[in-house]
Amino acid sequence: MSAADLVVRGGTVVNADWQGAADVFVGAGRVLALAEPGAPAPDGSRPEEVDATGLLVLPGGVDPHCHVGFTSGEFTSLDDYRGCTTAAVFGGTTTIVDFAIPGPGQSPLEAVRERQGAAGQGLCDSALHGCVVTWDDTTGEQLAAMAGLGVNTIKMFTTYRGETMADEYTVLRTMKAVGATGGMVVIHCEADHIIEEAQRLSGDRGRTGAEHMGDTRPELAETASVAEVLAIAESVGAPVYFVHQSSAEAVELVAAARRRGRPAYSEAVAHHLVLDEGAYAGEHPERFVCCPPLRPRATVEALGRHLFTGEISTVGSDHCCYDTAQKERHRHDVRAMPNGLPGVETRLAVLYSEYVAGRGLSATRFVDLVAAAPARLNGLYPRKGVLAPGSDADIVLWDPAARWTVRTGDLHMATDYTPYEGRELTGRARTVVVGGRVVVRDGALADPRPLGRSIPSGPVGPLR
Ligand SMILES: [Zn+2]
């Protein structure tokens with residue numbers, strides 16, 4: 001074993017399939033070994049010691065769904081790679097997967113090149129989803145070029161007509177092409193015709209304000225679209241990953257396909273697992289406008305149960321860093337509002353508090369949901385998502401007993417609000433190592449030097 005420059009001692013290592021007392025030796029940015037507690041450093045080296053007594057030692061979080069500086073219509077979310085990854089690292093996430101959504105007149109390949117060039121500003125690594133909106137004569141070649149650049153997961157939408165919505169033919173062609181090279185389509189499913197009709201009815205009744213968000217995007221739109229996309233995937237034998245599933249019924253459709261042997265996966269996002277539509281009856285409904293919308297409490301509970309059954313594969317943030325001024329501009333018309341919530345920094349803590357500390361979800365399952373499975377399904381495993389010899393030394397020292405209150409002023413996201421303001425949480429990232437460097441130490445920034453890399457995706461899956 002080569003010389004170690006860092007060792008994390010005295011903690012409980014938690015991987016997706018195992019947890020136990022171990023010291024983690026790190027050298028040249030990689031994990032060298034998991035050793036018996038107190039083991040001597042290799043080759044007589046004298047590594048810097050980080051004390052993890054009483055803490056969990058986790059592989060850095062992998063956020064499979066994170067929008068950095070995302071432009072939709074007249075709005076652009078307010079962060080860049082530097083800002084987003086800083087917030088990510090403070091929250092225990094050390095790899096983000098961003099989206100290269102083509103702007104007007106931009107090709108999918110150009111969108112990828114532009115984003116990959118920004119990765120170096122980051123405090124941690126990043127990967128990318130490409131995006132296809134319309135299939136044309138060049139799309140097959142562009143997908144091959146994107147795969148050559150390490151982009152193997154392709155985002156698609158069945159909603160937002162006239163912007164990013166793809167028709168069924170485009171979905172089928174893209175799935176077939178991407179699946180053939182070991183990649184996967186990741187898709188936002190909400191049947192646009194059902195939403196358009198719901199929005200038209202809401203408009204007729206003068207009920208388009210943020211407080212009516214739930215009525216304008218019904219659960220049925222989601223399940224209808226999921227069923228159709230599953231059929232398309234099955235018809236061409238391609239894998240498929242459903243982003244931000246907000247309904248237990250939609251998750252169950254995917255689970256049924258998986259039981260038939262289909263490679264189909266469900267992602268949930270933290271806000272759908274914790275918050276409910278009651279937020280739209282509050283003082284600031286616009287701050288909770290996201291797509292799909294927050295659902296009734298019974299739906300949230302049913303969705304959350306699938307964290308325990310294993311039917312939900314990953315938990316992302318769907319981070320979209322708008323501020324209150326952007327959210328308020330069209331608060332009386334959800335059809336014109338920017339959709340999305342800031343959440344890259346709170347993803348782990350909210351999930352841990354609600355489900356591990358609160359409801360007894362195992363720590364290993366937590367690590368699977370927030371790190372290992374997102375790494376596997378984005379072709380980043382075992383470089384990311386696990387603490388094992390050879391993996392990147394992205395390590396989170398997690399204090400499972402920390403009690404804290406979420407305050408916007410204590411967070412690092414480039415916005416002036418959090419949907420969790422005032423919420424009491426249990427569990428928090430205390431010290432975070434990125435690529436072998438201690439970037440956050442005891443909750444404070446210890447190393448501001450940018451070290452972000454654009455991590456190429458290999459073939460996706462399978463799950464453990
Ligand atoms: Zn999203």
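The values are calculated or read from the model by the stated rules, or taken from the named source; none is laboratory data. If you're wondering where the values come from, they're calculated on a predicted model, not measured in any experiment. Counting neighbours? That spans all protein chains shown, and the Cβs are built from the backbone with ideal geometry, glycine included. Note: accessible area is taken over every heavy atom of the protein model, side chains too, but ligands, DNA and RNA are not part of it. Shrake-Rupley method; radii C 1.70, N 1.55, O 1.52, S 1.80 Å.
Brief remarks follow.
- Criterion violated by P40 - all others in (1) farther than 22 Å from S457 by Cβ; (2) in contact (Cβ under 8 Å) with a residue 40 or more places away in the chain satisfied: (2)
A quick yes/no check of all residues on (1) touching a strand residue (DSSP E or B) at 6+ places or on another chain (Cβ under 8 Å); (2) over 25 Å from A349 (Cβ atoms); (3) surrounded by fewer than 17 Cβ atoms within 10 Å (Cβ to Cβ):
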residue: A4; (1), (2), (3): yes, yes, no
residue: V8; (1), (2), (3): yes, no, no
residue: G11; (1), (2), (3): yes, no, no
residue: Q19; (1), (2), (3): yes, no, no
residue: A28; (1), (2), (3): no, yes, yes
residue: G44; (1), (2), (3): no, yes, yes
residue: P47; (1), (2), (3): yes, yes, no
residue: P59; (1), (2), (3): yes, no, no
residue: C66; (1), (2), (3): yes, no, no
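- Single residue of V68, V89, V97 found to be outside any strand (DSSP E or B), within 16 Å of the ligand (Cβ to nearest atom) and out of contact with any Lys or Arg (no Cβ under 7 Å at 6 or more places or on another chain): V68
- When segment 320-363 is filtered for residues that are within 16 Å of the ligand (Cβ to nearest atom), hydroxyl-bearing (S, T, Y) and surrounded by fewer than 24 Cβ atoms within 10 Å (Cβ to Cβ), nothing remains.
- Within segment 271-281, the residues that satisfy the criterion of being small (G, A, S) and either outside the structural domain of L307 (by TED's automatic domain parsing) or open to solvent by 40 Å² or more (accessible area, probe 1.4 Å) (or both) are G278, A281.
- Hey, A33 away from the ligand (no atom under 16 Å from the Cβ), open to solvent by 10 Å² or more (accessible area, probe 1.4 Å) and not in a loop (DSSP other than H, G, I, E, B) or not: yes
- Yes/no for F288 being more than 15 Å from the chain's Cα centre (by Cα), within 16 Å of the ligand (Cβ to nearest atom) and open to solvent by 10 Å² or more (accessible area, probe 1.4 Å): yes
- In segment 306-319, of all residues being in a loop (DSSP other than H, G, I, E, B), open to solvent by 10 Å² or more (accessible area, probe 1.4 Å) and closer than 15 Å to Y265 by Cα, the one that is nearest to the ligand (Cβ to nearest atom) corresponds to E311.
- Leading residue by the ranking (modelled with the lowest pLDDT) among those in segment 166-188 that are open to solvent by 10 Å² or more (accessible area, probe 1.4 Å) and not aliphatic (A, V, I, L, M): T181
- Residue check for S235: open to solvent by less than 10 Å² (accessible area, probe 1.4 Å) and of a type outside the set (F, W, Y): no
- Checked against the criteria, G316 counts as touching a strand residue (DSSP E or B) at 6+ places or on another chain (Cβ under 8 Å) and under 13 Å from S246 (Cβ atoms).
- Within segment 424-446, tally of residues that are under 30 Å from R359 (Cβ atoms), open to solvent by 80 Å² or more (accessible area, probe 1.4 Å) and over 20 Å from the mean Cα position of the chain (by Cα): 3
- No other residue among L273, L230 is part of a helix (DSSP H, G or I), of a type outside the set (D, E) and more than 16 Å from the ligand (Cβ to nearest atom) apart from L230.
- When residues of segment 241-270 are limited to those that are within 15 Å of the ligand (Cβ to nearest atom) and in contact (Cβ under 8 Å) with a residue 60 or more places away in the chain, the one surrounded by the fewest Cβ atoms within 10 Å (Cβ to Cβ): H244
- Of the residues making up segment 203-217, those that are open to solvent by 40 Å² or more (accessible area, probe 1.4 Å) and over 13 Å from V289 (Cβ atoms) are D204, R205, G206, R207.
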